[in-house]
Amino acid sequence: MIKLVYVIVRREGLSPEAFGDYWVNTHGPLVASKAKALRLRKYVQSHPIDPEGSEAMRAVRGMRGPADGLTEVWWDSLEDFQAAYATPEGQAAGQVLAQDEAKFIDFAKSAVFLTREHLIFDHTAGRGPAPGAPKATYLLTRRDGLTQGECHETWLRDHGPLVASFAGPLRMAKYVQSHAIAPEINAALQAGRNYEAPLDGLTEVWVDTEAPGTTNADEARAAAAALVEDERRFVQMDRSRLFMTREHVIFDHTP
C-alpha cells in the first residue's frame with residue numbers, strides 16, 4: 001500500500017478549537033463520502049495533544065513548531081492512486097474536497113507527499129496501540145548535503161534498530177517509518193496548491209499506555225539523548241517538526 005501524508009496548518013483567524021472541530025466533524029465525513037470515488041482504503045487524522053511535552057521535544061532539537069495536525073490516507077498502490085484521480089468521478093470528488101479544505105487549511109504553510117510505510121516494530125501482538133494512545137509525530141526533512149536515498153538508508157538501517165533497542169525504557173508500543181516516494185508526483189502536488197516543499201518522511205511512535213507506570217528515569221533520559229544525537233546524522237532539525245498527537249480513525253476499509 002501507499003500513504004499520502006498531509007501536514008496541515010490552519011487558516012489564519014481560525015482558533016485551534018474551531019479548526020479541530022471542523023476538520024473531524026465536517027471534513028472527515030465529507031472525505032468518507034468520497035472514499036469509493038477516490039478508491040481510499042483508510043483515512044486517519046492526528047490531532048495535537050500535550051503542548052508541554054511537544055515543546056520539550058522540539059526545544060532540545062531546535063526544530064520548527066508543531067503543525068495543527070496530520071492527515072494520512074491509504075491506497076492499495078501508486079497505480080490505484082493515479083487511476084482514482086483520472087476518472088471523472090474521482091476528479092469531481094477531489095474538487096469537492098479541495099474546496100472544503102480551503103475553508104480551514106492554509107495551503108501555503110502546509111505540505112503533502114506520498115510515502116511507503118516501513119514497520120520497524122510492533123509490540124502490541126498485532127492488536128495495535130491502545131485506543132487513544134499518544135503518538136509522537138516526527139515530520140522529517142533530510143540533513144543538508146544528503147540525498148533522499150542516503151537519508152532513508154541511514155534512517156531505516158541504522159536509526160530504526162537503535163530506536164528498537166530503546167523501546168522498553170521509552171515505553172514504545174509501535175514504530176513506523178514512512179519514506180517519501182514518487183518525487184515527480186509530489187512536486188506536482190506541491191505546485192497544484194502552492195504547498196510548502198514535500199518532506200522526506202514521517203516517523204510515528206505510539207506510547208505503550210499499558211506498560212508499567214514507572215520506569216528508570218536515568219535510563220530513559222540516556223536513551224532519549226542517544227536518539228537525538230543519532231537523528232542529527234540525517235535530519236535537518238530546523239526544517240523538521242516533532243509533536244505529540246492522538247489519532248482519529250475516520251474510516252478503515254483495509255482487510
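The values are calculated or read from the model by the stated rules, or taken from the named source; none is laboratory data. This is a predicted model, so every value here is computed, not measured. Heads up, the Cβs are rebuilt from the backbone with ideal geometry, glycines too, and the neighbour counts pull from every protein chain shown. The protein model used for the area step is the full one, side chains on, heavy atoms only, and it has no ligands, DNA or RNA in it. Shrake-Rupley method; radii C 1.70, N 1.55, O 1.52, S 1.80 Å.
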> How do the helices (runs of 4 or more DSSP H) wholly within segment 76-160 filter down when requiring 1 or more residues that are surrounded by 15 or more Cβ atoms within 10 Å (Cβ to Cβ) and of a type in the set (Phe, Trp, Tyr): which remain?
Replying inline: 78-84
>> Can you pull out every residue in segment 29-60 that is buried (at least 18 other Cβ atoms within 10 Å of the Cβ), more than 18 Å from TYR6 (Cβ to Cβ) and not small (Gly, Ala, Ser)?
In response: MET57, ARG58
>> Just to be sure I understand the filter: pairs with C-beta atoms under 7 Å, separated by 6 or more residues or on different chains, first member in segment 159-181 and at positive phi, second member at pLDDT below 95 and surrounded by 18 or more Cβ atoms within 10 Å (Cβ to Cβ). Which pairs pass?
In response: ARG171/VAL207; ARG171/ASP208
> Mind checking which residues of segment 1-28 are open to solvent by 10 Å² or more (accessible area, probe 1.4 Å), under 24 Å from GLU79 (Cα atoms) and touching a helix residue (DSSP H, G or I) at 6+ places or on another chain (Cβ under 8 Å)?
Replying inline: LEU4
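Please verify whether ASN186 is out of contact with any Ser or Thr (no Cβ under 9 Å at 6 or more places or on another chain), at pLDDT 95 or above, surrounded by 14 or more Cβ atoms within 10 Å (Cβ to Cβ) and not acidic (Asp, Glu), treating the condition exactly as stated.
Taking the combined requirement at face value, the residue satisfies it.
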> Taking the condition open to solvent by 20 Å² or more (accessible area, probe 1.4 Å), in contact with a helix residue (DSSP H, G or I) (Cβ under 6 Å, 6 or more places away or on another chain) and in a loop (DSSP other than H, G, I, E, B), does PRO255 pass?
Replying inline: no
